Amino acid sequence: MDKPSKARSSEEIADWRDASFHMVIYEYFVKNMSLPSDMGTLIGYILFFIITWYVLLWALRFMFSMIWPVVMVVLAVLMIRFLATFEASDLIDMFFQAVVMVSDMLLSVGARVLEFGLSFLN
């Protein structure tokens, strides 16, 4: 006994609401855009790919914009709880240590840039 295939052609689908999304888009391109050749079908699929790509990117960016503020609030709460475990003198020492490390890094990068720039004068 043969299994019936789940994929149905556009002729078998009486109403477009019963068809899958890609079948509806394909039928729209075939019926509303004059696609006389395989090149036209290729162009239709490329347009479908581009439209789908931008819709997916938009949806992901939208979801990310909804999640990002929650992530920032959670990180802020965790940071505040972490910093609350230290005393004020310890926080001041950590701040100055961070300033020293950043300034050392900037001076090192500046020295390398000057060394590279002055190497052209020799």
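The values are calculated or read from the model by the stated rules, or taken from the named source; none is laboratory data. The model shown is predicted, which means the values in this text are computed figures rather than measured ones. Don't worry about glycine lacking a Cβ; one is built from the backbone with ideal geometry, like all the others, and counts go over all protein chains shown.
Across the stretch 74-86, the number of residues qualifying as loosely packed, with under 10 Cβ neighbours inside 10 Å and assigned to a helix (DSSP H, G or I) comes to 3. Remark: residue 52 falls outside the filter, which requires a residue to be without any contact (Cβ under 8 Å) to a residue 24 or more places away in the chain, among the polar types (S, T, N, Q) and not in a helix (DSSP H, G or I).
Only one residue in 100, 24 is of a type outside the set (Lys, Arg), in a helix (DSSP H, G or I) and modelled with pLDDT of 95 or more. Which one? Before you say what the answer is, go through the steps one by one.
Details: 24 fails: modelled with pLDDT of 95 or more.
Exactly one residue qualifies, and that residue is 100.
Does any residue of the stretch 43-52 turn out to be loosely packed, with under 10 Cβ neighbours inside 10 Å and not basic (Lys, Arg)? No, because not a single residue in the stretch 43-52 is loosely packed, with under 10 Cβ neighbours inside 10 Å and not basic (Lys, Arg).
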